[in-house]
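One structure below.
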Amino acid sequence: MPQLSDKAEEILEHLWISTQEQDTRPTADALPEEELAVLEREGLVVTEAGTIQLTPGGLEEARACIRRHRLAERLLSDVLDSSDEQLHAAGCKFEHGLHHGLQEQVCTMLGHPERCPHGKPIPSGECCRRKDSTPGQVLVPLSEMESGQEGVIAYLHSDRTEDLRKLMAIGALPGTRLRLRQRFPSYLLRLGNSEFAVDAELAGQVYVRRTGGAE
Amino acid sequence: MIAKMLQNLTGARCCGPEQKTTEQATGTIALVGQPNVGKSVLFANLTGTYVAVSNYPGTTVEVARGTAELAGRRFQVVDTPGMYSLLPLSEEERVARDILVDEQPDVIVQVGDARNLERTLTLTFQLMETGFPLVLALNMMDEARAAGLSLDTDRLSEALGMPVVPTVSVTREGMDELREAIGQQQGRPAPVEAVRYAPREGVDIEEAVQEVEGLLEGDYRLSPRCLALLLLQGDEQVHERVQRTDTTSYPRIAEVVDEVTGAAQRPLDYTLTVQRRHRAQALSAEVTHAAGERRDTLRDRLSDLMTRPLTGLPILAVVLYFAFYQFVGVFGADVVVHWIEDDVFDLITPPFASFVETVLPWQVWQELVIGDYGLWTLGLRYAVGIILPIVTFFFLVFALFEDVGYLPRLALLLDRTFKKIGLSGRAVIPMVLGFGCDTMATMVTRTLNTKRERLISIILLSVAVPCSAQLGVIMALLSGVPGALLLWAGVMLAVYLGVGAVAARVLPGRAEPFYVEVPPLRLPRLRNVLAKTFARVKWYFVEILPLFLIASVLIWLGQLTGIFGLIIGALEHPVRWIGLPAETAAVFLLGFFRRDYGAAGLYDIHQTVGLSGRQLVVSAVALTLFLPCIAHFLVTARERGWRTGLAIGAMVLAISFSIAFALNQVLTHLGALA
């Protein structure tokens, strides 16, 4: 398959979001004709009764685009500490650089994140299923840190608001420095000048950018 | 904190004089802050009334009130439950928030932890939004200094636009300055726009806040900005209130809220808290000077010894042996109880008995007062002479551990194990307390977060946790038979874990995620320990003593009417079934009225009839597992309803006899302990 243009990839992402996440029926209105024609020629989309549909091949390609886009956002926000506006501006350009296996490495380095910084799901890749890990991994869930390691909380991820609030209550918020003092039988962490114990379930919801301190 | 709760539970009916003093007050000061920041001690300093303080976070349910003279005015001071955020997560936080909203304090004093300025300021910004006059007391300055932190409070005060007073509540440092600041701050509302929130996911939060603010017309006491933010975060209580007050503009308000929250993936309170935290981090960095990296101190290493399984479990064993077995069991239950029984009651009882005999010449009535199970003999003598010293010693040890900070460490050590029986580490407190008094422990299960966890704890307390009174007699009973005590303990532990594991599987829901603050280890403060012990002993007296008196009357009625004979007759079957002589049936019935009396009665039977080692162990197991005492049963029914109470009772009865039956069969076949 030839390399798609940035614009064509953005159309695929738009179609993915409308059909897979918002359950709407996208039309050709306001979409650039030229790129749409390319996508149609490649067999990625079909037009049916005025609405545009992704073909199975298109669905796969769109999923990959979305994955790269959201991984790029995570990379920018977690590793480069970008602001919200920078995310929007740079994220769209950055993603196109993540082709050819690079995305797997980025995903692994980021600890296989499940959500983008805005909380939308990141489609999983092969590396997530294999649970790859690398010594250079920058982001890890607290539950996978070694005892004695230090880091800064990058973000919290939980499907349960009540769990999120428990973590917020103890002050485990993005930007807070932390040191894991003990892993077993419970996770004992120093946040600022206080210590808290959490269980494995809560520890798995805190993503930490490691800064060192291993014993 | 439990002491505080219990104190208030029992104090609820006798607050007449307190009411009077608060009526004379002309203003209100609310103390607000995160748990474990020394708020209660600061409250005591301001008001002169002592309230129990504890290390275990999150269990303050009730509210303490006192009065203080400040700047020539008399204030009511309210000590609100610990709060992390204005958006309540727990019942305690809801109470704290309601106090701010409903009582409209003249001044809010936020008590913050000087060692954790970021965390403290995150809440400060939110409290500023309420628009009430605010003073920040940066407490535990001594510990901050010890940790090598120096804080520029003047600069902080200037940046916040409100007074910041460094304090050390335990030594009363900074109290005069705090009083002065509170006096001066009256009528000076805090700047409400403490943090300007940045847009997220393309939604302009500030714009939405402004629109909602404009739509609010009613008088809400809280600032419109604070209300608007709470509305946007979906606070149901606030929504209800606004819907009732601003009936015409509410539909538009609801629309704005939907626009802001509808598209977003994460709750708005997360976004807002993160932004407040960022602001707090920046400000904290500006005013804090840290002298080098923090090093682990001796205190940290001691703490590590307690929390690591390899050293923590042996420490736990030593603690159990010396503090509970030697101090409570041997010294409290044996030495002191005998002294009270022999030297005190044996002196008073004969003259009292002859006095009763002259005043009440009817034998039936004499039975009620000085009979074997009479009001004096069972009610007062038993409750005061036997149980009281045992529980007092137990509560003393418990308060000591609480003050040192051992309990959260124990919680983190045991959470993983507790998860297997459907509990979380937080259940450590009621479970340990159960070895003192199951009845009190059952009441303390209230502090657990979910219904499921409360129910499992109550079941386990009912079935397999022997109270201190019972433990004393069982130890005496079994100590003559080698290996019997160990076998009994093994069976108890197996039943405890087995019942827990089954309950965890059968009851719907998931194990509650566990989190707890682990405060620094502290040397116990005698005043705290004694105050807490006193509060609990007082609770015991007020709550439990009447139940013993009721039990006396019930036994008297049971004997008078012959109902007891019938029940004992019915109990003889299962008793024979587990291989015990029929005489022991009465022991089981009485065991229900005074938990250890059963064991004591067994002791008597053993003296006269002579029980085999096997029979001793089987009966000890059956009795420990048997229905808890009547006080415990009544409290369970009150906490969880009569249906659940009776169901637990029936279950306990079935478990106790079937385990005893199985044990008897096994021992008989093995020919062990014959």
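The values are calculated or read from the model by the stated rules, or taken from the named source; none is laboratory data. Note that the coordinates shown come from a computational prediction; the quantities given were computed from them, not determined experimentally. Every residue, glycine among them, receives a Cβ derived from its backbone with ideal geometry; neighbour counts consider all protein chains shown. In case anyone asks, the SASA skips ligands and DNA or RNA and just uses the protein heavy atoms, side chains included. Shrake-Rupley method; radii C 1.70, N 1.55, O 1.52, S 1.80 Å.
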Which ones in the stretch B:303-331 are within 13 Å of chain A (Cβ to nearest Cβ), open to solvent by 60 Å² or more (accessible area, probe 1.4 Å) and not charged (D, E, K, R)? B:LEU305, B:LEU310, B:LEU313
For the stretch A:94-114, check the following and say yes or no: at least one residue is within 13 Å of chain B (Cβ to nearest Cβ) and open to solvent by less than 30 Å² (accessible area, probe 1.4 Å). no
Search result, residues across the stretch B:196-212 that are surrounded by fewer than 18 Cβ atoms within 10 Å (Cβ to Cβ), modelled with pLDDT of 90 or more and within 43 Å of the chain's Cα centre (by Cα): B:ARG196, B:GLU206, B:GLN210
Within the stretch B:142-194, residues within 14 Å of chain A (Cβ to nearest Cβ) and either open to solvent by less than 20 Å² (accessible area, probe 1.4 Å) or not in a helix (DSSP H, G or I) (or both) come out as B:ALA144, B:ALA147, B:GLY148, B:LEU149, B:SER150, B:LEU151
Mind checking which pairs have a first residue in the stretch B:502-531 that is in a helix (DSSP H, G or I) and a second that is surrounded by fewer than 13 Cβ atoms within 10 Å (Cβ to Cβ), Cβ under 9 Å, 6 or more apart or different chains? B:ALA504/B:LYS420
Test set (1) open to solvent by less than 80 Å² (accessible area, probe 1.4 Å); (2) without any contact (Cβ under 8 Å) to a residue 60 or more places away in the chain; (3) not in a helix (DSSP H, G or I) - B:PRO251 fails condition number: (3)
Out of all the residues in the stretch A:201-214, which are at the interface with another protein chain (Cβ under 10 Å from one of its Cβ atoms), crowded, with 20+ Cβ neighbours inside 10 Å and outside any loop (DSSP other than H, G, I, E, B)? A:LEU202, A:ALA203
Quick one: in the stretch B:85-117, of everything that is part of a helix (DSSP H, G or I) and in contact with a strand residue (DSSP E or B) (Cβ under 9 Å, 6 or more places away or on another chain), which residue is nearest to B:GLU69 (Cα to Cα)? B:GLU103
Out of everything in the stretch A:98-157 that is among the aliphatic types (A, V, I, L, M) and under 27 Å from B:THR261 (Cα atoms), what residue ends up being modelled with the highest pLDDT? A:ILE153
Show the residue pairs that are 6+ apart or on different chains and have beta-carbon atoms under 7 Å apart, the first residue being within the stretch A:106-122 and on the phi > 0 side of the Ramachandran plot, the second being of a type in the set (A, V, I, L, M). A:GLY111/A:LEU139; A:GLY111/A:VAL140
Return the only residue of B:VAL364, B:VAL344, B:VAL391, B:VAL359 being touching a residue at least 60 places away in the same chain (Cβ under 8 Å) and surrounded by fewer than 18 Cβ atoms within 10 Å (Cβ to Cβ). B:VAL364
Regarding the stretch B:640-649, can at least one residue be identified that is among the small types (Gly, Ala, Ser) and not in a helix (DSSP H, G or I)? yes
Only one of (1) surrounded by fewer than 24 Cβ atoms within 10 Å (Cβ to Cβ); (2) at pLDDT below 90; (3) within 24 Å of B:GLU91 (Cβ to Cβ); (4) in contact with a helix residue (DSSP H, G or I) (Cβ under 8 Å, 6 or more places away or on another chain) is not met by B:THR442, so which one is it? (1)
Of all the helices (runs of 4 or more DSSP H) wholly in the stretch B:264-348, which have at least 3 residues that are farther than 27 Å from B:LEU471 by Cα and among the small types (Gly, Ala, Ser)? B:268-287
Output the residues belonging to the stretch B:254-268 that are within 12 Å of another protein chain (Cβ to nearest Cβ) and either open to solvent by less than 10 Å² (accessible area, probe 1.4 Å) or in contact with a Phe, Trp or Tyr (Cβ under 9 Å, 6 or more places away or on another chain) (or both). B:LEU268
If we scan the stretch B:448-464, do we find a residue that is crowded, with 21+ Cβ neighbours inside 10 Å and over 25 Å from B:TRP539 (Cα atoms)? no
Can you name the residue in the stretch A:174-200 that is of a type in the set (Phe, Trp, Tyr) and at the interface with chain B (Cβ under 8 Å from one of its Cβ atoms) and is also farthest from A:GLY136 (Cα to Cα) among such residues? A:PHE196
Pull up the stretch B:110-156, narrow it to residues that are touching a residue at least 40 places away in the same chain (Cβ under 8 Å) and of a type in the set (Gly, Ala, Ser), then point me to the one that is farthest from B:VAL170 (Cα to Cα). B:GLY131
Residue, least open to solvent (accessible area, probe 1.4 Å), within the stretch B:123-141, restricted to residues that are in contact with a Cys (Cβ under 9 Å, 6 or more places away or on another chain) and outside any helix (DSSP H, G or I): B:THR130
